[in-house]
Ligand SMILES: Cc1cc2nc3c(=O)[nH]c(=O)nc-3n(C[C@H](O)[C@H](O)[C@H](O)COP(=O)(O)O)c2cc1C
């Protein structure tokens, strides 16, 4: 895809999986919430979810990079539950993420209860999507927190997002802060200190983005801006 708003370029698009638009009430952030967040997408920007296992991408088939580059944050969901088996399958993939000294410092708690999700949605400045998504996967760390834990959690979070994407589920990572809020999030699911959830992941069946939303540049910086081949 071509250049978009100066420094940003869009990633390629892939065809939507047949049937993605079916069924159910759409849940999503209000316009105000999206403006607040300051980073949203329009229908045009949004990459349709693709089942790469079925090989639906316009780059000629299944590629690892296609799975990565077509991953977008999803903030609108159909009101349709994500079965526990799907959550388990996603975690089953993500648990193979590497971590410093193979500590695997992460734990996951899946939440579908509306009251708890609403509580979580108040624990971050841009966490409203947690109230709208049918499932929230809390990403917890606890007693074995160490210097590399945040890095490890970031890696496993991306694995969760990609595993969900491969199953045609939409996702959005969300920050819960300040630290008191991260601890409060853990308490909401019955875990006392030292447990904390600095991040949560909204999960669900992606719905079309309502028209007329404020457009904020999507896409990514070009490689030439990001990469230097150093030569002494
Ligand atoms: C560490 C981290 C924290 C994020 N926190 C939030 C958040 O609190 N609320 C939200 O709506 N999106 C959040 N996002 C999603 C980002 O806004 C999104 O990944 C980014 O805008 C790129 O979106 P795109 O892939 O759809 O282009 C977060 C992403 C990351 C990686």
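List of remarks:
- Residues within segment 177-200 that are buried (at least 17 other Cβ atoms within 10 Å of the Cβ) and within 12 Å of the ligand (Cβ to nearest atom), tallied: 4
- Helices (runs of 4 or more DSSP H) (entirely within segment 60-158) containing at least 3 residues that are away from the ligand (no atom under 16 Å from the Cβ): 84-94, 114-121
- Set 174, 156, 129, 209: member being free of Cβ contacts under 8 Å to residues at least 60 places away in the same chain and surrounded by 19 or more Cβ atoms within 10 Å (Cβ to Cβ): 174
- Selection within segment 173-225 - at positive phi and modelled with pLDDT under 95: 212, 219
- Selection count where residues are under 19 Å from residue 77 (Cα atoms) and either within 18 Å of the chain's Cα centre (by Cα) or not in a loop (DSSP other than H, G, I, E, B) (or both), scope segment 200-232: 10
The values are calculated or read from the model by the stated rules, or taken from the named source; none is laboratory data. In this text, all values refer to a predicted model and were calculated from it rather than measured experimentally. No Cβ is skipped: glycine too gets one built from the backbone with ideal geometry, and neighbour counts run over all protein chains shown.
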